[in-house]
Structure formats: C-alpha cells, structure tokens
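Everything on this sheet refers to the single structure shown next.
Just so it is clear, none of the values below were taken in a lab; they were calculated from the coordinates. The shown structure was predicted, so the numbers you read here are calculated from the model rather than taken from an experiment. Quick reminder, even Gly has a Cβ in these numbers, built from the backbone with ideal geometry, and neighbours come from all protein chains shown.
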Amino acid sequence: MTTGSDPRQDGVIGDDTGPGVSPEGDTWQSLTPAVAARLLRGKAPIYIHEKLSELPHEQALLVASMLTGERSMTDESELATEAITLASPTTVADLLSPPVGVVGPETTVAGALDYLVHTLPVTGITYLYIVDKGQRLLGVVVMRELLLASPGQTMEEIMTPEPFALSPETPIFSAILSALKRHYRLYPVTDGDGKLVGLVFGWQLFEQVARETMAQSGSMVGISKEERLVTPVREAFVKRHPWLQVNLLTAFAAAFVVGLFEDTIAQIVALAVFLPVLAGQSGNTGSQALAITLRGMTLGELANFPIRRLLAKEIALGALNGLFVGVVAAVAMSLYAWMTGAASPLMLGLVVLIAMVGACVGSGLFGVLVPLTLKRFGADPAMASSIFLSTFTDILGMGLMLMLATVMVL
C-alpha cells in the first residue's frame, strides 16, 4: 500500500469495508479511522487492544477516540488509557509512516513528474527518495530541484546523495535533537543495511517536545507523565501517593530545623511571621531556576551550555533578586518589629535582608543541581524535583534566618 497523506488527516488510502467484515493483517492499516472504529465497535476490549496495537500510534489514537462513548465508562477509560500508551512513543519505530515518493535512480525528471501526477494525494509528497533495487536509500530530491531540472535528466544526476536518515532504534530524544538542528518536514528512516523502511514527520518529533514540556509541570510535583483526566482513581492514587509520603518526610526535616531554634522564635515572635515570607520567595526563585534547567534539558540546550556557566548565572540572579526583595522585606520587618515592640528592629531587618539573599542564592543553585543529580542517578529529572527543591530551600532559608537572629540579635 502507498499513501501520501498526512497522518493527522482522516484519509488513509484503502477500500471501504462494510459492517460485519473483519480485516486481518496489514488490511487494518488500509482502513480509515472511521471504518476501523465501526468494525471494532462492540467487540471485546482484548480484541480491540490487539487490533489497535497493530496500527501506527497516530492512527490507533484516532480510532480509539471514535470508540469512546459507545462503551461503558470502565471500558472507555481502559481504552483511552491504552490509546494514550500507544501515543507515547519511545523510539523512531513508533512514529513510522509508510514511505512515499520513492523512485529509482534511473528515473528521469519527466518520469518523476508523471509519477507525481498519478499519485494520490500528491500533497503528501514533500521529497522524492531515490532507492536502488534493494530499496537502499541513495539520495533525496527536493521539489525545487525537480522543477528546475531538464526533463531528460535522471534522479541520480540531481539528487542530494547520502541524505541524513534516522534509524528505527533511535530514541525519541535523540531524534528530537537531530530535528532541532535541521528543521526538515520529513525524515527518512533506514535500517542497518541502509534500506528505506519509512518516514517520520517533523511535526511528530516537535509534538514530543511539547508533550514533554507540558508534562514537566506535573512531574515536578509527583504526577507521572502517563496520567490523564481519564486515568482511573486507583491507578492515579498509586502513582501520586508515594510522592506525598516523600513530601511528608522532607517536611519533617524542615520542621526539625525550625524546632532547633524554638527558643529564638519564642523570644522574637516577629520571626515566625516572616518565616513563610522567606520560604515563599526562596521557593519561587528555586522554581524559576528549576524550570529553565528542565527546559534546557528537554530541548538539548545543556549539551552546548556549560553547567558551570549556568550555576554562575543562577547565583547572580539569586543574589540580585534576593537583594531587591530583601530590602523590601527588611523594611517591612523593621516596621513590624517596631510596631510590636520587639527588640532591635533594625537588626532584625538586617537579618531578613541577609537571609533573603542567602536563601535566594542557595535556591537558585538547588534549582539547577536537583534535576542534574536525579538524571545522574538514572531518575527522571522532572519527577518530583519540586518536592526535593522545596525541602532544601525551606531548610536553608529558615535555618539561615533563625541562626542569624540567634547570633546577631540574642
């Protein structure tokens, strides 16, 4: 089967199949999503899952979306979850579309144009891929070169030899990095022998970047990337709850640090009022550093940006943000201490200023180091990184302010 349609469109070439017919093998891939959904409607969930797994992930997702609403709520959730799993590729092989625009090196320009005229739909062809008799990829011809060439010239004469190609085993992240450097609409995929086995659309790779970026906000607080609105309660609970237990343990660590300075808080009650202010500001500073670090890791920018330079940048930003925010907080602390009759209001303001600068600098460093450390140990850099970051910033910020108050005021 040859198809040149965009995988996002409901237009896979193939004969319509009426109700009651059960296609087998490659025939399923020749059906439009609407026809496939009609044939699967009412079938057992196991049978549906088996047939969806035979389809390319984009086509399977379209078919599954047309099945929802026709089954019970439980089956619908299971079906949607399976479709989501299929739509989360890990290698280039999961994104493959059938190769189109394939001609031999001896094909003339006139012959190639005739081929395009008789190909339906022609809008799906962006490049012509030149292969030998063994289907090994020899070169690629862009439409501009085809239109400017003489009718008698052969593809071998005008092609770009040894074009860039992906491998079916290439991890999605590596393919994304390659796409970021080239910005092609289509990428040929060849096996170990150089044979053309399929094509991958550039939009599919950039879609993975968008999906990864959008998933980071949930991952940072312990929500897995696979969880969706249709995820059953039990499965969502199993995925989320362990991280809440981790958060509870880390919160105990921060509470222990505050407990060490219980006498200081008892003598200077104003400190208790400003502890949440300090924790909030330092936490936001760390979250900003964390977000930019995760974005750089997702887009592959850290490969060309030294970690030392990133750390220096976040230290400078933390110091500047801490200084300007700390001045305002110091004035507020001094006024509050003076109004409540606390001792040494100016000194308390200075304590808040120094603590704010130190906490913001430290939280900026943690925002960079936490995801890098998780990655070094083989864990997902985004997964629950916000939980560890908030613990470190709370311990540093509150511990620093209470220690400075103990030394400078008491």
Checklist entry - Can you work out ³J(HN,Hα) from phi for every residue in region 400-409, in order, using Karplus 6.51 cos²θ - 1.76 cosθ + 1.60 and θ = phi - 60°, giving whole Hz and x for Gly and Pro? => result 5, 5, 5, 5, 5, 5, 5, 7, 8, 9
Next on the checklist: I want to check the label-to-label distance for A236 and K43. Put each point 7 Å from Cα in the C-beta direction and report it in nm to one decimal.
Outcome noted: 3.0 nm
Checklist entry - Ordered by residue, what ³J(HN,Hα) values in Hz, to whole numbers, does region 261-273 give under the Karplus form 6.51 cos²θ - 1.76 cosθ + 1.60, where θ = phi - 60° and Gly and Pro are x? => result 10, 4, 5, 5, 5, 5, 7, 10, 5, 4, 4, 4, 5
Next on the checklist: Based only on other Cβ atoms within 10 Å, what is the fewest-to-most ordering of I292, I172?
Outcome noted: I292, I172
Checklist outcome for this item: A chain fully extended from A316 to L116 at 0.36 nm per residue, minus the present Cα-Cα distance, gains in nm 66.2 nm
Item to check | Of the trypsin sites (Lys or Arg not before Pro) in region 225-334, those whose Cβ has at most 15 other Cβ within 10 Å and which sit in DSSP loop | outcome: R228
Checklist entry - Hey, got the dipole for region 233-408? About the Cα centre, +1 on K and R Cβ, -1 on D and E Cβ, debye to the nearest 20? => result 560 debye
Checklist outcome for this item: Distance in nm between E262 and F377 label points, each 7 Å along Cα→Cβ, equals 3.1 nm
Checklist entry - Order of 262-271, 276-285, 389-398, 90-99 by packing, highest average Cβ count within 10 Å first? => result 389-398, 276-285, 90-99, 262-271
Next on the checklist: Just to check, using Stokes-Einstein with a Kirkwood Rh over alpha carbon pairs, what's the diffusion coefficient of region 233-408 at 20 °C and 1.002 mPa s in µm²/s?
Outcome noted: 125 µm²/s
